[in-house]
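Student: Here it is, the structure, as structure tokens.
The values are calculated or read from the model by the stated rules, or taken from the named source; none is laboratory data. Small disclaimer: the values here were computed from a predicted structure and weren't measured. Neighbour counts are summed over all protein chains in view; Cβ atoms, including those assigned to glycine, are modelled from backbone coordinates with ideal geometry. Side chains are part of the model used for accessible areas, which takes the heavy atoms of the whole protein and leaves out ligands, DNA and RNA. Shrake-Rupley method; radii C 1.70, N 1.55, O 1.52, S 1.80 Å.
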Amino acid sequence: MLCGGTRLQWGLAALSPLAVLGEAIGPIAYGVAFTVGYGAPTPALLAGAAAAGLWAALMIEPAVIVTSERSWGTLQALAATPTPVAWPLIGRLAGSTLVALVVLPVVLAGLLAVFWRSVPDVLADLAQLPLPLLLGTAVVVLLGVFGMSLVLMGALLRSRYSAGMVNGLYGIVVLLGGFFAPLATLPGGFATIGRAIPVSWALEALREPGGAPVLQLVVGAALALLWCLGGVLLLGHAGRVLQRAPQGYVHG
Amino acid sequence: MASARAVLLGSWLSYRALFTWLNPLGYVSSRVVMPLALTLIFGTVGRYTQGSPTGAVVGGVMITVAFASIFGVTLSMANERTFGTLGAWLATPQRLGTSIVVKALPHLVDGLLGASWTFAIASLAFDIRVPAAALAGLLACALVAGLSTAGLGLMAAAFSVRFRDVFTAPNIAENLLIVCGGALVPASSLPSALAAVGAVLPLGRSIAAARGVAAGGPLDLGLLAGDLVIGLVWGVLGYAFLSAMVRGSRRSGAYGLV
């Protein structure tokens, strides 16, 4: 059921160039705007833009998946099968993640195209970073964003959907996750809250490779797995509640 | 008096019926949380890279007004097609221009309200002190930003009425303003290509004027007038495009055509 959901979502995505560009334009815009503030792109800014792009895609997808299953009437049909409701939905979200990964190179290319004069410096900076650090950052960012999406989908499965209700999550996560500025620079107590977002640990590791990047990546990975586990448990619980409350299939 | 009542009633009905984010969660998420988070991000990056958050916060607040204008104007027109009322709307005796103003009015007010509380909360968060005498000037800059970006919103609405996805055009407009509007850094510090694009878009001059006021300087009426002119040009182009769409729809009798 997991792979079936993934295949379905990949097919639904219908990856046209226009769709890919439409997904990429927002993260490119934010990436360019904040990079202008710094003067030139850095590996951390590129990673922040990539993370913002992933989150922009995976923040909306839980809502799209849940509302589409409801409107098609397939949620109720799914709940009548022996398969837990959660797994096909997780499969669809995994498919959305694969689609979002296609958009990532476009985001990075768009950002570097605007600052094309800085490309040699960026490549030189990247070459100085250990490959395990880059890979570890990528894994923690991907897993962390996926985990947060799972939790969001679990919440939406039992909620009545209102247009625009998830829009604010983009700004909150980008702010608290320190996507474009170190957590220590956040006002008030936001930095403490930001520690709960796995991406913040990965980006801090990249910003300060001379610090304790391994520890930061391990903490980030552990947090990301916790978010994923939390999402799966929430989806499972929501699925069981749905099976006991028939009206939930219609509007949450 | 009757005309004023008709305008206000039409504005209120349009806002209630066609603004799909007008539900508690949607409104709080889209019109309170998102602009505030964006402004706080701007302020954080501004403080980290420039030593002071004030300019970036002012830019973020002006972006808040712009988004309210652009998305409000776009949704209030494009959703006529979404909800199948486009033909009825165009068949009314009310002139298209008057109807557009009626639809835009509540979103302008909404944008100003959003800017007010965003600025208040961001000022508290970053401990920004602005002279009380500057508040009226900031409000004037926000008003001009809202009016000028409403013109850009009208152009986006003209595309959205015609194309399948109503959010594509306003999203492009939003992203162009974020990149080229000089919200985070002054327009003069932008790469030349971005500055050139920003010069033909609304909002940039209002942001520059607002930054000047926030720094204790006088209100630059020349900048505000320039932004109004740019917005008017976009509005005229948008109106012309929308009128052409309407004429085409009337000829073919296909108001819901995409």
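Student: Could you tell me how many of the residues in region B:33-48 are touching a residue at least 60 places away in the same chain (Cβ under 8 Å) and touching a Gly at 6+ places or on another chain (Cβ under 8 Å)?
Tutor: 8
Student: Among the listed residues A:V107, A:V114, which satisfies the condition of being surrounded by fewer than 21 Cβ atoms within 10 Å (Cβ to Cβ), within 14 Å of chain B (Cβ to nearest Cβ) and either under 20 Å from A:V166 (Cβ atoms) or touching a residue at least 12 places away in the same chain (Cβ under 8 Å) (or both)? Full working, then the answer.
Tutor: Numbers: A:V107 fails: surrounded by fewer than 21 Cβ atoms within 10 Å (Cβ to Cβ).
Answer to the check: A:V114.
Student: Can you tell me how many residues in region B:162-177 are open to solvent by less than 50 Å² (accessible area, probe 1.4 Å) and part of a helix (DSSP H, G or I)?
Tutor: Result for region B:162-177: 6.
Student: Under 8 Å between Cβ atoms, at least 6 apart or on separate chains: pull out the pairs that start in region A:117-133 with a residue that is in contact (Cβ under 8 Å) with a residue 40 or more places away in the chain and end on any residue that is of a type in the set (V, I, T).
Tutor: Filtered contacts from region A:117-133: A:V122/A:T42; A:D125/A:T42.
Student: What helices (runs of 4 or more DSSP H) completely inside region B:178-258 contain at least 2 residues that are in contact with a Cys (Cβ under 8 Å, 6 or more places away or on another chain)?
Tutor: It comes to B:192-199, B:204-214.
Student: Could you look through region B:49-64, keep only residues that are of a type in the set (V, I, T) and surrounded by fewer than 24 Cβ atoms within 10 Å (Cβ to Cβ), and pick out the one that is nearest to the other protein chains (Cβ to nearest Cβ)?
Tutor: Checking each candidate, the answer is B:T49.
Student: Just checking, does region B:76-94 include any residue being of a type in the set (S, T, N, Q), in contact with a Ser or Thr (Cβ under 7 Å, 6 or more places away or on another chain), under 22 Å from B:R16 (Cβ atoms) and touching a residue at least 60 places away in the same chain (Cβ under 8 Å)?
Tutor: Among the residues of region B:76-94, at least one is of a type in the set (S, T, N, Q), in contact with a Ser or Thr (Cβ under 7 Å, 6 or more places away or on another chain), under 22 Å from B:R16 (Cβ atoms) and touching a residue at least 60 places away in the same chain (Cβ under 8 Å), which makes the answer yes.
Student: From the list A:L229, A:L203, A:L186, A:L176, which one is more than 14 Å from chain B (Cβ to nearest Cβ) and either of a type in the set (A, V, I, L, M, F, W, C) or open to solvent by 40 Å² or more (accessible area, probe 1.4 Å) (or both)? Don't jump to the end; show me each part of the working.
Tutor: On the way: A:L203 fails: more than 14 Å from chain B (Cβ to nearest Cβ); A:L186 fails: more than 14 Å from chain B (Cβ to nearest Cβ); A:L176 fails: more than 14 Å from chain B (Cβ to nearest Cβ).
It is A:L229.
Student: Still on this model: Kindly evaluate B:G204 against the criterion of being at pLDDT 90 or above and within 19 Å of B:A115 (Cα to Cα).
Tutor: Yes; evaluated as a whole, the condition is true for this residue.
Student: Moving to a separate point now. I'd like to verify a number: residues in region B:1-19 that are buried (at least 19 other Cβ atoms within 10 Å of the Cβ) and either within 7 Å of another protein chain (Cβ to nearest Cβ) or part of a helix (DSSP H, G or I) (or both), how many?
Tutor: Start the filter on region B:1-19 by keeping residues that are buried (at least 19 other Cβ atoms within 10 Å of the Cβ), which leaves B:10-11, B:14-15, B:18-19.
Checking which are either within 7 Å of another protein chain (Cβ to nearest Cβ) or part of a helix (DSSP H, G or I) (or both) leaves us with B:10-11, B:14-15, B:18.
So the answer is 5.
Student: Can you tell me which residue among B:A78, B:A68 is among the small types (G, A, S), over 14 Å from the mean Cα position of the chain (by Cα), away from chain A (no Cβ under 11 Å) and assigned to a helix (DSSP H, G or I)?
Tutor: Answer to the selection: B:A78.
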